[in-house]
1. Kindly provide the set of residues from region 1-31 that are over 18 Å from VAL45 (Cβ atoms), at pLDDT below 80 and open to solvent by 50 Å² or more (accessible area, probe 1.4 Å), ordered by number.
2. Quick one: would you say ALA113 is over 19 Å from ALA128 (Cα atoms), exposed (fewer than 14 other Cβ atoms within 10 Å of the Cβ), at pLDDT 85 or above and more than 13 Å from the chain's Cα centre (by Cα)?
3. Please count how many residues of region 32-46 are among the hydrophobic types (A, V, I, L, M, F, W, C) and either at positive phi or open to solvent by 50 Å² or more (accessible area, probe 1.4 Å) (or both).
4. Could you please find all residues in region 47-58 being in contact with an Asp or Glu (Cβ under 9 Å, 6 or more places away or on another chain) and either open to solvent by 60 Å² or more (accessible area, probe 1.4 Å) or assigned to a helix (DSSP H, G or I) (or both)?
5. Quick test of your reading of the structure: LEU63 fulfils all but one of (1) within 21 Å of GLN132 (Cα to Cα); (2) out of contact with any Pro (no Cβ under 8 Å at 6 or more places or on another chain); (3) open to solvent by 70 Å² or more (accessible area, probe 1.4 Å); (4) among the hydrophobic types (A, V, I, L, M, F, W, C). Name the failing condition by number.
6. Restricting the search to region 80-110, which residues are farther than 17 Å from PHE69 by Cα, of a type in the set (Gly, Ala, Ser) and buried (at least 17 other Cβ atoms within 10 Å of the Cβ)?
7. Is it the case, given these coordinates, that PHE69 is touching a Ser or Thr at 6+ places or on another chain (Cβ under 7 Å) and open to solvent by 70 Å² or more (accessible area, probe 1.4 Å)?
8. Applying the selection to region 47-58, what residues are at negative phi and more than 15 Å from the chain's Cα centre (by Cα)?
Amino acid sequence: ISPYLECYCSSTAFNTDNSDIQSVTINGVTNTLNCTTTAPGQGSVLKKYSNFHPLGNLTDLELEGVIPFSIEVDNCDPAPYNSFATSIWIDFNHNGIFSDAGEQVFIENTAVAGPRTVVGNFTIPCTALTGQTGMRITVVEGFSGSSIVPCLLYSSGA
């Protein structure tokens, strides 16, 4: 039996052009990518999907903490830039899925042109399990609001 951190559904782009996540900062700690480096985890594909699980925890978060984040999104291609929307999910109950109530902690209801930095906060519920926890961030063109789901296959984004 595989650990829950290795059982998440797929979510990926078909194309390697347009919007790419360049860095993610959670609670003041940053994980950075660039246009030529593939993330170290299983299933990572340059400019389509990045799995950072092998690096371990990015940062420690406290129960009931209000956690600031920023996601820098840019193109590795020249203008024109497309509109995209962003969503974040956290598997608070460690069951290997992101679709449980309360696990989508951030969603942009309107797609906005990039490049840009998406900023906000989310709160860790007091019922969240402690220990290493899966988080998924999706930046996707052509979707916004409730149409962004955790197991989405889409044309362009990251």
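The values are calculated or read from the model by the stated rules, or taken from the named source; none is laboratory data. Everything numeric in this text was worked out from a predicted model, so none of it was measured. Here the Cβ is made from the backbone with ideal geometry for all residues, glycine too, and neighbour counts use every protein chain on show. Just the protein is used for accessible areas: all its heavy atoms, side chains included, with ligands, DNA and RNA removed. Shrake-Rupley method; radii C 1.70, N 1.55, O 1.52, S 1.80 Å.
1. If we filter region 1-31 for residues that are over 18 Å from VAL45 (Cβ atoms), which is where we start, we get 1-5, 7, 23, 25-30.
This time we only want the ones that are at pLDDT below 80, so: 1-5, 7.
Scanning region 1-31 gives ILE1, SER2, PRO3, TYR4, CYS7.
2. Working: over 19 Å from ALA128 (Cα atoms): yes; exposed (fewer than 14 other Cβ atoms within 10 Å of the Cβ): yes; at pLDDT 85 or above: yes; more than 13 Å from the chain's Cα centre (by Cα): yes.
Against the criterion (over 19 Å from ALA128 (Cα atoms), exposed (fewer than 14 other Cβ atoms within 10 Å of the Cβ), at pLDDT 85 or above and more than 13 Å from the chain's Cα centre (by Cα)), ALA113 qualifies.
3. Filtering region 32-46 for residues among the hydrophobic types (A, V, I, L, M, F, W, C) gives 33, 35, 39, 45-46.
Subsequent filtering for residues that are either at positive phi or open to solvent by 50 Å² or more (accessible area, probe 1.4 Å) (or both) retains 45-46.
Number of matching residues: 2.
4. Of everything in region 47-58, just one residue is in contact with an Asp or Glu (Cβ under 9 Å, 6 or more places away or on another chain) and either open to solvent by 60 Å² or more (accessible area, probe 1.4 Å) or assigned to a helix (DSSP H, G or I) (or both), namely HIS53.
5. (2)
6. Scanning region 80-110 gives no hits.
7. Values: touching a Ser or Thr at 6+ places or on another chain (Cβ under 7 Å): yes; open to solvent by 70 Å² or more (accessible area, probe 1.4 Å): no.
Considered against the rule, which asks whether it is touching a Ser or Thr at 6+ places or on another chain (Cβ under 7 Å) and open to solvent by 70 Å² or more (accessible area, probe 1.4 Å), PHE69 comes out as no.
8. Initially, region 47-58 is screened for residues at negative phi, giving 48-55, 57-58.
PRO54, LEU55, listed by residue number.
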